[in-house]
Amino acid sequence: MGRFLWVLPALLCIAVQIQADALDDVRQRGVLRWGGDEEGGAPYIISSNDAKTPAGFEGELMQALAQRLGVRSEFQQCQWDNLGDLLRSGGVDVIVNGIELRADRLRSNISTIPYYVNDLQLLARANDKRLTGWSDLKQGKWRIGVLSDTAAEKYLVEVYPQTVKTESYPGTTQAMDHVRDQQLDATLTDLIAANTYRDRYPTLHFVGEPVGRGYFVIYLRSDDARLRDELNAGIRDMLADGRLQAIYEKYKIWNEAQRTLGDPDVQSTPERMKPADAGSRGIRVILRNLLVLGESATVTVLLSVLSMPLAILIGLLVALGRLYGPAILRVPLTIYVEVIRGTPLMLQLFVLFYVIPSLIPMPDDLKRNFAWICAIAGLAINYSAYEAEIYRAGLLAIPVGQMEAALALGMTRRQTLLRIIVPQAVRIVIPAVTNDFIALFKDTSVCSAITIIELSKRYSIVANNTGRPLEIALATAILYMLMSYPLSLLARRLEKHTKRVHV
Amino acid sequence: MISISHLVKRHGTLTVLNGVSMAVRKGEVVAIIGPSGGGKSTLLRCINGLETFQDGEITVDTLKLSSKPDGESLRKLRQRVGMVFQQFHLFPHMSVLDNVLAGPRYVLKQSRAEAEPLAIQLLERVGLGEKLNARPEQLSGGQQQRVAIARALAVKPEAILFDEPTSALDPRMANEVLSVITDLAEQHLTMMVVTHAMGFARKVAHTVCVMAEGRVAESGPPQQIFEAPNQEVTKRFLLQAATT
């Protein structure tokens, strides 16, 4: 083993070399790799027949920029939240996907000049008379959907800190769905997206003027200034010869604001925005963000401890129903277990959170807590199927003689199950159930798909904002361990205990 | 008190009981002996309603057990007729005392305080007054079987069915259990005992009943069965039992 340890530093050197000069590397390889998230949808990136060269205005922009470098462009799909991580990891040369120019992102990255001028548009239901202009947001309580960690979220938090509560959605259209279904009062989204999806949401309308002018830029790793300069030259060329305007007109996103892209003032924004200090790092960046991470850890714990008991209860009832219930219950319960086990948790959460509101109206109180209700119900239902199988095995492990002895005493079936069979089965399944609890604990991270910001989601946000993913990942992992390790210990102790008693 | 007539029990194509008739008087001790697979245990399990049967009739006192009994009448029957199993089947998650209290509390709906004096008294009677708080797995087989007997007695049944109560025990422990059963016989408890302990059957039973191939081959007082058996199958069985 030790003989091969020299491989590690060697590999590191190679890695550093690869990162040191992306421009030469791109040319050598003949490919410019760029990361984005197709899920964001039209008109940014639109899937085409060739997964590596999607359409959309960003897809076409990247093709044109790559062409100028004399290489092909190659698209790499990645969750929007994690594009920063993908770039740092070296998996792509650049990331491009409606990512705004932001000072904190420039701490660990560099960016090209803006390629698009982006405004934000407020969308609400046309028949909602309470919300007809920006001034209405100054009073009352509003719930407004945004993409998490975007300029839209920051704008609302800064301008309406008291009256607006933002909800973080994984996608633009999901927030629009929830405005349509009256789960949200409004959504603040890129003007581009608002325009593109106008026809799909006829019940929504534009409220007030666009706000929060920002710029879309291409981000690169800080070492890749030469590649950045080439890309800048490419964008300038396309601005000058009208190719950029042609692409934007094709996707119906050209507007007067785009004429400012040629202004030296606009083009120098990244230079001016670059923060003077490198930002804190090491233990300081951890300490500075510990409180906000800890807060999200509480969310993770709450989700787990609220959903697991429900899962256990439902699971036990399902198992009892399948083994001892009336015959007509058995088939439906078996189908329940198989369907729930056979479909991903993410999909189940989506169905609960995005499909149900479009089918049934619900009172305001419920709407406010709907994400939490869906998260807890979704986790409980998902895990109940696994608990049901565990309990089934546990119940089957109890000797038939136990049931007979209790019945022979004159006990009813119900008494026998409740007093004799279930207590013994519970002892048998405790270690397995505790293990599942640890698994559920980590699965809570899926709930970020339905606007709940728990520890994993918080990691993405804080890592992006600080540009220090290493420290933040370490802190997050430690928090997870602090919470799950006691559970592991408990599981192990219980396992020993049950073995000793050998019930 | 217990009367069985023309009882037929089939498992698929296999006929386990083929027209068994038998009557047990109040206070009578009936030992059921015979070769393995003769239907002895199945007969007891039918009387307690743990097995259904296809034809015939079982009556306990005034309670008639049909071939498709409902839960309510089964429970009434089982309160009157207790059962003790070969493998004891104590509840492992309860203390010895709680095992004995299970019947009074859950079946007779007594409070713990109401039921405890009798339970303790019964455990003392079977010689386990010192083990009230022990767990079943801490007891020897013989002790466990004696707890099982106390558990069955705790609901004050009129009769108890013993299904090979000593077959899982070594001889010394078997004797502990048999002496408890003998003691019960002296108190005039009605009992049906499936057993391979011939000495016990001879000494304690009022009637010995030989079962083979799903029928009652013959029955009579122990002296007659053991000394002057009428049936060939009885002679063969007794000879075999004596040599093993």
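The values are calculated or read from the model by the stated rules, or taken from the named source; none is laboratory data. None of the values given here were measured: they were computed from a predicted structure. Here the Cβ positions follow ideal geometry from the backbone for every residue, glycine too, while neighbour counts run over all protein chains shown.
Assorted remarks:
- For the range B:54-79, taking the residues that are outside any strand (DSSP E or B) and among the small types (Gly, Ala, Ser), the one that is nearest to the other protein chains (Cβ to nearest Cβ) is identified as B:71.
- Within the range A:182-212, being more than 23 Å from the chain's Cα centre (by Cα), surrounded by 15 or more Cβ atoms within 10 Å (Cβ to Cβ) and of a type outside the set (S, T, N, Q) holds for A:201, A:204, A:205, A:206, A:207, A:208, A:210, A:211, A:212.
- Residues of the range B:171-206 satisfying the condition of being in contact (Cβ under 8 Å) with a residue 12 or more places away in the chain and assigned to a loop (DSSP other than H, G, I, E, B): B:188, B:189, B:195, B:196, B:197, B:205, B:206
- Among residues of the range A:24-65 being charged (D, E, K, R) and under 26 Å from residue A:170 (Cβ atoms), the one that is surrounded by the fewest Cβ atoms within 10 Å (Cβ to Cβ) is A:50.
- Condition met for residue A:162 (outside the structural domain of residue A:42 (by TED's automatic domain parsing), surrounded by fewer than 20 Cβ atoms within 10 Å (Cβ to Cβ) and closer than 23 Å to residue A:449 by Cα): no
- Which numbered condition residue B:78 misses (of (1) closer than 27 Å to residue B:232 by Cα; (2) within 16 Å of the chain's Cα centre (by Cα)): (1)
- Among residues of the range A:420-468 being among the charged types (D, E, K, R) and buried (at least 20 other Cβ atoms within 10 Å of the Cβ), the one that is farthest from residue A:376 (Cα to Cα) is A:468.
- Count of the range A:173-195 residues which are touching a strand residue (DSSP E or B) at 6+ places or on another chain (Cβ under 9 Å) and closer than 30 Å to residue A:235 by Cα: 8
- Test for residue B:82: is it within 14 Å of another protein chain (Cβ to nearest Cβ), farther than 25 Å from residue B:175 by Cβ and buried (at least 21 other Cβ atoms within 10 Å of the Cβ): no
- Taking the criterion of being within 14 Å of another protein chain (Cβ to nearest Cβ) and either surrounded by fewer than 17 Cβ atoms within 10 Å (Cβ to Cβ) or over 17 Å from residue B:104 (Cα atoms) (or both), the residues of the range B:114-138 that qualify are B:134, B:135, B:136, B:137, B:138.
- Considering residues of the range A:214-235 that are crowded, with 16+ Cβ neighbours inside 10 Å and of a type in the set (Lys, Arg) only, the residue farthest from residue A:35 (Cα to Cα): A:228
- Of the helices (runs of 4 or more DSSP H) contained entirely in the range A:347-466, those carrying at least 2 residues that are in contact (Cβ under 8 Å) with a residue 12 or more places away in the chain, β-branched (Val, Ile, Thr) and more than 30 Å from residue B:77 (Cβ to Cβ) fall at A:370-396, A:422-443, A:455-466.
- For the range B:39-53, the candidate set comprises residues that are touching a residue at least 60 places away in the same chain (Cβ under 8 Å) and within 18 Å of residue B:216 (Cα to Cα); within that set, the residue that is nearest to the other protein chains (Cβ to nearest Cβ) is B:45.
- Among the numbered conditions (1) crowded, with 19+ Cβ neighbours inside 10 Å; (2) more than 14 Å from chain B (Cβ to nearest Cβ), the only one that residue A:363 does not meet is (1).
Here's the yes/no breakdown for (1) within 23 Å of residue A:454 (Cα to Cα); (2) outside the structural domain of residue A:461 (by TED's automatic domain parsing); (3) in contact with a helix residue (DSSP H, G or I) (Cβ under 9 Å, 6 or more places away or on another chain); (4) not hydrophobic (A, V, I, L, M, F, W, C):
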position	(1), (2), (3), (4)
A:252	no, yes, yes, yes
A:263	no, yes, no, yes
A:288	yes, no, yes, yes
A:301	yes, no, yes, no
A:304	yes, no, yes, yes
A:312	yes, no, yes, no
A:328	no, no, no, no
A:331	no, no, no, no
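- On inspection, residue B:154 does not qualify as of a type outside the set (Val, Ile, Thr), touching a Ser or Thr at 6+ places or on another chain (Cβ under 8 Å) and either modelled with pLDDT of 95 or more or surrounded by 21 or more Cβ atoms within 10 Å (Cβ to Cβ) (or both).
- Qualifying residues in the range A:128-149 (those that are of a type in the set (Val, Ile, Thr) and in contact with a helix residue (DSSP H, G or I) (Cβ under 9 Å, 6 or more places away or on another chain)) - the one farthest from residue A:168 (Cα to Cα): A:144
- The helices (runs of 4 or more DSSP H) located wholly in the range A:264-324 that include 3 or more residues which are surrounded by 19 or more Cβ atoms within 10 Å (Cβ to Cβ) and out of contact with any Lys or Arg (no Cβ under 7 Å at 6 or more places or on another chain) occupy A:282-324.
- Unmet criterion (only one of (1) closer than 15 Å to residue B:84 by Cα; (2) in contact with a Pro (Cβ under 9 Å, 6 or more places away or on another chain); (3) within 14 Å of chain A (Cβ to nearest Cβ); (4) surrounded by fewer than 22 Cβ atoms within 10 Å (Cβ to Cβ)) for residue B:164: (2)
- Complete set of residues in the range B:85-104 that are at the interface with another protein chain (Cβ under 7 Å from one of its Cβ atoms) and either assigned to a strand (DSSP E or B) or more than 15 Å from residue B:120 (Cβ to Cβ) (or both): B:85, B:87, B:89, B:91, B:92, B:93
- Search result, residues across the range B:184-235 that are of a type in the set (Asp, Glu) and under 29 Å from residue B:11 (Cα atoms): B:213, B:218, B:232
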